[in-house]
């Protein structure tokens, strides 16, 4: 995948920023900060690989936006992004997490099919459900460990 | 001491023709027999004991192998205390089914944990044999040791920083051609990114051992001299997918690696470095993305970093398996 790119979509009371690509060294996220003048929601469905260099740039961007007084929300967080929530304490900062993409895997097709869920109190129960593969109809299971995938929610409980 | 397992050790000894004297601490009789069965094939003298006992006496052995999960809190503390000292009893190999993970901050921070093998319900003898042999014989280099004999590795060379994405692309194609789970392919590329970045920016030192490029931003080009090129080796056998990066410097210090792992697992405010150069998260990211992370160092000569991913089954199967980690130093 190419390096991280973004598209700004101004909406009524916030700006939606749709990211795509790999969060690795190189993207000038400082430039993005200068383009944001309102509360912002980051659409992270298409973010693939995340490197340690990319994580630090991301945290610096988050700190700058927070310091400027913007409310930040994350929406449709890819599994790679959810991994960062669980691994790096500062990655999500004070952002609200509106939804995450839970990976479901079809062993017959060797393909993943994401399911958008809200990481609320019923999330763990939802993730125990099986879903039919949209391609071949085989039953798919949630392809992660529920407790560790949703581990970032315990940070909310402690806050 | 109230613990009868510690005060009444039972010994079983057997001689074979291999090098080294091993002591295995495993309270579960069935597990102990399984381990002895494997270890008798590689070591000259193998004894089993049900409890940690007198750690001082383990200095007569070349290697102490301990089931960490079976130790009580007191014995775990004794173990760490013994290995905090410069005159450690002997080399230590820890087996753990996950209990160890809760203590990573302390175990890495105290430099106790340099050899860990994740254990599952069914004992896998291959990794124990390879690890013990490397510890006893000192023959530490080579990714092929972790794969079935007969596989054909793929070899590449990295000559400059901007070639990294090309190498990662080749690796992605390689893993996809094997039918590996898509998310495991992604992890494979994450590991490659971090290991290659480390080999290009952190490994090179000048004649005085001063890092040459470590403080550069990771998007700045670095062109290596021919004698500094990074060797990349890919391997797979249907059980595992692997990558090795070999740099010709041997500049990594074990203490630095363990300190970074400890700091990252702590998840404190200093988890991410603010200094020039790297973010200090690379080794942690690699560790968490792998089934087995191996670092082989010949100080002043070369460092080999090996990443192994167990590709059997689903991503959930991968996430459910316990991790292994080794740092070997060639004297």
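Here, each number is a calculation from the coordinates, and none is a lab measurement. As the structure is a computational prediction, the values presented were derived from the model and not from experiment. Here the Cβ positions follow ideal geometry from the backbone for every residue, glycine too, while neighbour counts run over all protein chains shown.
The table below lists the values:
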{"quantity": "With 10 Å bins from 0: P(r) over the protein assembly as shown, alpha-carbon pairs, percent", "calculated": "4, 18, 28, 26, 17, 6, 1, 0"}
{"quantity": "Label-to-label distance, nm, for residues given as residue B:205 and residue B:34 (7 Å Cα→Cβ offset)", "calculated": "4.1"}
{"quantity": "Chain A, relative contact order in percent, only Cα pairs under 8 angstrom and at least six apart counted", "calculated": "15"}
{"quantity": "Cα-based helix-to-principal-axis angle, B:73-84 vs chain B, degrees rounded to 10", "calculated": "60"}
{"quantity": "Spherically averaged projected area in nm², based on the convex hull that wraps the Cα atoms of the stretch A:38-153", "calculated": "7.5"}
{"quantity": "Protection proxy ranking, peptides B:31-38, B:154-161, average beta carbon neighbours within 10 Å, highest first", "calculated": "B:31-38, B:154-161"}
{"quantity": "From the C-alpha gyration tensor of chain B, square roots of 5λ in Å", "calculated": "35, 22, 19"}
{"quantity": "Residue of A:13, A:43, A:75 that the Gaussian network model of chain A assigns the largest fluctuation, springs spanning Cα pairs under 10 Å", "calculated": "A:13"}
{"quantity": "Backbone N within the stretch A:52-79 under 19 Å of label point (7 Å from residue B:319 Cα along the Cβ vector)", "calculated": "A:75-79"}
{"quantity": "Folded to 0 to 90 degrees: helix B:29-39 orientation relative to chain B principal axis, Cα", "calculated": "60"}
{"quantity": "Other protein chain Cβ atoms within 10 Å, averaged over every residue that makes up A:22-31", "calculated": "3"}
{"quantity": "Mean Cα-pair separation over length for the stretch B:45-146, i.e. relative contact order, pairs under 8 Å, 6 or more apart, %", "calculated": "25"}
{"quantity": "Other protein chain Cβ atoms within 10 Å, averaged over every residue that makes up B:180-190", "calculated": "4"}
{"quantity": "Rel. contact order, % - alpha carbon contacts under 8 angstrom, at least six apart, the stretch A:80-120", "calculated": "32"}
{"quantity": "Theoretical FRET efficiency, 1/(1+(r/R0)^6), r = Cβ-Cβ of residue A:139 and residue B:223, R0 51 Å, to 0.05", "calculated": "0.45"}
{"quantity": "Rounded, prolate or oblate (a/c below 1.5 giving rounded, otherwise prolate when a/b exceeds b/c) for the stretch B:257-331 by Cα gyration tensor", "calculated": "oblate"}
{"quantity": "Residue among B:274, B:133, B:26 with the largest mean-square fluctuation in a Gaussian network model of chain B, springs linking Cα atoms under 10 Å", "calculated": "B:274"}
{"quantity": "Within chain B, helix-based [θ] at 222 nm, where runs of 4 or more DSSP H residues each add -39,500 (n - 2.57), nearest 500", "calculated": "-9000 deg cm²/dmol"}
{"quantity": "Two-site FRET efficiency, residue A:73 against residue B:122, from Cβ-Cβ distance with R₀ of 41 Å, rounded to 0.05", "calculated": "0.35"}
{"quantity": "Helical contribution to [θ] at 222 nm, DSSP H n ≥ 4, -39,500 (n - 2.57), averaged over chain A, rounded to 500", "calculated": "-8000 deg cm²/dmol"}
{"quantity": "Choice from B:185, B:223, B:233 with maximal GNM fluctuation in chain B (Cα, 10 Å cutoff)", "calculated": "B:223"}
{"quantity": "In degrees, nearest ten, helix B:164-177 long axis to first principal axis of chain B (Cα)", "calculated": "60"}
